[in-house]
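The values are calculated or read from the model by the stated rules, or taken from the named source; none is laboratory data. The structure presented is a predicted model; accordingly, all values stated were derived computationally and were not measured. Glycine also receives a Cβ, built like all others from the backbone with ideal geometry; neighbour counts cover every protein chain displayed. Ligands, DNA and RNA are stripped out before the accessible areas are found, and what is left, the full protein with its side chains, is counted by its heavy atoms. Shrake-Rupley method; radii C 1.70, N 1.55, O 1.52, S 1.80 Å.
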Amino acid sequence: MSLRVAIAGIHIESGTFSPLLATRGDFTATHGVELLARYPFLTDPEFAGIFPQPLVHFRALPGGCIRQQDYLVMKQEILDRLAQLPEPPEAFYFDVHGAMGVDGIDDAEADLLDAIRRALPPGILVTCSQDLHGNVSPALVARTDIITAYRTAPHVDWLETRARALRLLLRAHRTGLRPLRARVGIPVLVSGEMSTTTCEPGAALYAPLAAQSAREGVWEASLWVGYAWADQARAMATVVVTGDDAAAVGRTAAEIARRYWEARRDFRFAVEACAIDDGIARGLAAGVKPVFLSDAGDNPTAGGAGDVTAVAAAMLENPALRDGRATAIYASLPDAPAIERLRLAKLGDRLTLSLGGKLDPVHGAPLEVTGTLVSFHEGDNPQAVLRCGGVCLIITARRRPYHLRADFLALGLDPLEHDLCVVKIGYLEPELAAMARHHLLLLSPGAVPPVLTGIPYKNLQRPIFPLDRDFEWEPQVEWFPAPCVVLASGSPRRRELLAAAGLVFDILVSPAEEVHDAALDPAHLCEENARLKAAAVAATHPHATVIGADTLVFIDDLPLGKPTDLAEAHTMLRRLSGRVHQVCTGVCVIHPGGGVTTRHELTAVRFRPLDDAAIGEYLARVNPLDKAGAYGIQEHGDLIVESIDGAFDNVMGLPVALVLGMLRKSTTAQLRA
């Protein structure tokens, strides 16, 4: 029987430094069955087990944050379409970019998925695919069961990534397993221009992911470079590894994160970067054509507004380009008012226009340009070409990228025939790269500058490289679902002690048999029994942090266990009368990643001198048969104990301070605020 999978998402990359807010009108909405064109692989036999329920998918060119009221409209449409399904979904596919920003909402994808989760039937599986430039928060990972990302930049594996998200969903459904996720946030920010996987270190960091995803117990290993132009706490590189073996999942996540951290100083621009005037001069002197220049700081495919005029102004001021001895294409400046004027003009008319500087007045100003209209093209996004000396300026009604040769040919322009071709982009898309005889990255102004150290961040988690350079870091794994803490003991005293310390935990009585090895000293014997108890529970609960404990009372280096009857209890108390004995508790903590920590605590206890009457009175008040040494200090201990040297709770059966210290080494201990 097919698995009903609802599909929806909002796809945008949002730069928080752009003054240009995105609106609903910037998004293309694909509804219902039309949405299935994004997933042509669903017709393959491999995906026959999926019955898609396409809702709506919103997609926009990268830009600034979305106006909150517009985001809420799109969010509500998703929820409404979900509610209108004739049959409730059995799973959900969250198809998003991963770096969406909403004015007033810091973690927009988590906000959206939280609302969707609340509307879905309880407990159903959720899978998610993202761009590798997404910023993946713990809150988002907590709301997914499966999450994966592109492994290439430029992105050529977008379709395979969508297929992988649904393939993993089917795996979880068919096996009945809800996989474990291990997330590691890496305090490194890399600009998009440094994140290409076609050169090092990106190539070496991403190449192993497929093999790491095929490890025993690992389902998927994903690595996000992150999106550097979002001033948010979640902006950083991130690893998420999914699987069903805690040890393999945790180890793989830490390994990927550590390799990324170690490569942090190796990230470089994929091509040479230079100042604007220098880049233009060097491009014209290269002796080959075309030379592509990236107007990177105003890249609309990274979130820039696209109408910062600094590079256009420099080109028009260059003598060779101004008088036509050299030629260039400039793509492009969005300017709707200018398009309206050009629509009314005739081809060959000479016009003076004020271009750009309207969408992003923060990083640039309008540029007065005089030129000849050589072409005008209607359509969804009207375009015009204005020739100014040797420069062909492309003007559009709305922001758009130019990634293909066909984009230029449609306007009567061919980059191969010009000395320079300026595109508002960072690294070149594959078809542009194939045309370029040479490529330079211009360090131009805009909302997405390629050099991060000059950006006025306020909300990042610090320290973070490269803003901060001299600090130590080790991978810290966060687990999802947050593994619970389990006390592998039925002791009511241990339960009371942990609860009083504010620890949230479950109780599972360990089936392990205690050992009684006279060759072991009491401390080692306690630790070994604690380990056995914890291991027996951890074997069936690999996602939990398991606490095992064992307490021994010993005197003259001989252990006193729990008495078998009252007569033996009387004998034990008589032996302890008037003397100092030791109480030892061994503690073992087994972490979800498979790590094992054992410790012990010693407390010296001095008994009062006890005669038979005093012993009888004590035994009449307490049950000694469930207590090592036949007594409990918390139950009428004043009748028999004169003094203690050490932790009182250790004598009760659990040294809480020791336990909490051991748990702090695990990221999964859940302490109440």
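Okay, here's what the table says:
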| item | result |
| --- | --- |
| Some residue of the stretch 572-595 being free of Cβ contacts under 8 Å to residues at least 40 places away in the same chain, farther than 26 Å from Asp557 by Cβ, open to solvent by 30 Å² or more (accessible area, probe 1.4 Å) and among the charged types (D, E, K, R) | no |
| Checking Leu467 against (1) without any contact (Cβ under 8 Å) to a residue 40 or more places away in the chain; (2) open to solvent by less than 60 Å² (accessible area, probe 1.4 Å); (3) closer than 30 Å to Asp266 by Cα, the condition it does not meet | (1) |
| Inter-residue pairs, beta-carbon under 7 Å, first assigned to a loop (DSSP other than H, G, I, E, B) and in the stretch 499-516, second open to solvent by 70 Å² or more (accessible area, probe 1.4 Å), 6+ apart | Gly502/Leu671; Gly502/Arg672; Val504/Gln670; Val504/Arg672 |
| Residue, farthest from the chain's Cα centre (by Cα), within the stretch 596-610, restricted to residues that are more than 30 Å from Thr540 (Cβ to Cβ) and surrounded by 14 or more Cβ atoms within 10 Å (Cβ to Cβ) | Leu610 |
| Residues that are closer than 16 Å to Val659 by Cβ and modelled with pLDDT under 90, drawn from the stretch 465-495 | Cys484, Val485, Ser491, Arg493 |
| Selection within the stretch 396-417 - in contact with a Pro (Cβ under 8 Å, 6 or more places away or on another chain), surrounded by 21 or more Cβ atoms within 10 Å (Cβ to Cβ) and not basic (Lys, Arg) | Thr396, Ala397, Phe408, Pro415 |
| Within the stretch 280-319, tally of residues that are at positive phi and crowded, with 24+ Cβ neighbours inside 10 Å | 2 |
| Check on Arg531, surrounded by fewer than 23 Cβ atoms within 10 Å (Cβ to Cβ), in contact (Cβ under 8 Å) with a residue 60 or more places away in the chain and in contact with a Ser or Thr (Cβ under 7 Å, 6 or more places away or on another chain) | yes |
| Count of the stretch 434-451 residues which are farther than 17 Å from Gly306 by Cβ and either within 27 Å of the chain's Cα centre (by Cα) or free of Cβ contacts under 8 Å to residues at least 40 places away in the same chain (or both) | 2 |
| Residue check, Arg174 closer than 17 Å to Val240 by Cβ and among the basic types (Lys, Arg) | no |
| Residues of the stretch 169-186 classified as among the aliphatic types (A, V, I, L, M), farther than 10 Å from Asp145 by Cα and assigned to a helix (DSSP H, G or I), total | 1 |
| The stretch 39-91, subset under 30 Å from Ile425 (Cβ atoms) and of a type in the set (Val, Ile, Thr), residue farthest from the chain's Cα centre (by Cα) | Val56 |
| Subset of the stretch 91-117 that is charged (D, E, K, R) and modelled with pLDDT of 95 or more - its residue that is farthest from Gly226 (Cα to Cα) | Arg117 |
| All positions within the stretch 371-402 that are touching a residue at least 60 places away in the same chain (Cβ under 8 Å) and out of contact with any Ser or Thr (no Cβ under 6 Å at 6 or more places or on another chain) | Cys388, Gly389, Val391, Cys392, Leu393, Ile395, Ala397, Arg398, Arg399, Arg400, Tyr402 |
| Pairs, first touching a residue at least 24 places away in the same chain (Cβ under 8 Å) and farther than 24 Å from Gly490 by Cα in the stretch 608-637, second open to solvent by 60 Å² or more (accessible area, probe 1.4 Å) and not β-branched (Val, Ile, Thr), C-beta under 6 Å, six or more apart | Arg608/Glu642 |
| Residue satisfying all of: in the stretch 628-662; closer than 12 Å to Leu573 by Cα and under 51 Å from the mean Cα position of the chain (by Cα); least open to solvent (accessible area, probe 1.4 Å) among these | Gly632 |
| Residue list for the stretch 203-244, restricted to those being among the aromatic types (Phe, Trp, Tyr) and either farther than 18 Å from Ser14 by Cα or in a helix (DSSP H, G or I) (or both) | Tyr206, Trp219 |
| All positions within the stretch 36-50 that are part of a loop (DSSP other than H, G, I, E, B), out of contact with any His (no Cβ under 9 Å at 6 or more places or on another chain) and touching a residue at least 24 places away in the same chain (Cβ under 8 Å) | Tyr39, Ala48 |
| Qualifying residue in the stretch 155-164 (condition: touching a Gly at 6+ places or on another chain (Cβ under 7 Å) and surrounded by fewer than 22 Cβ atoms within 10 Å (Cβ to Cβ)) | no |
| Residues located in the stretch 399-435, provided they are in a loop (DSSP other than H, G, I, E, B) and either in contact with a helix residue (DSSP H, G or I) (Cβ under 7 Å, 6 or more places away or on another chain) or closer than 19 Å to Arg325 by Cβ (or both) | Tyr402, His403, Leu404, Leu413, Asp414, His418, Asp419, Lys424, Gly426, Tyr427 |
| Members of the stretch 320-370 that are open to solvent by 70 Å² or more (accessible area, probe 1.4 Å), assigned to a helix (DSSP H, G or I) and either under 26 Å from Leu443 (Cβ atoms) or in contact (Cβ under 8 Å) with a residue 24 or more places away in the chain (or both) | Arg322, Arg343 |
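A quick yes/no check of all residues on (1) under 20 Å from Leu3 (Cα atoms); (2) outside any loop (DSSP other than H, G, I, E, B):
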site: Pro86; (1), (2): yes, no
site: Phe94; (1), (2): yes, yes
site: Glu109; (1), (2): no, yes
site: Thr127; (1), (2): yes, yes
site: Val136; (1), (2): no, no
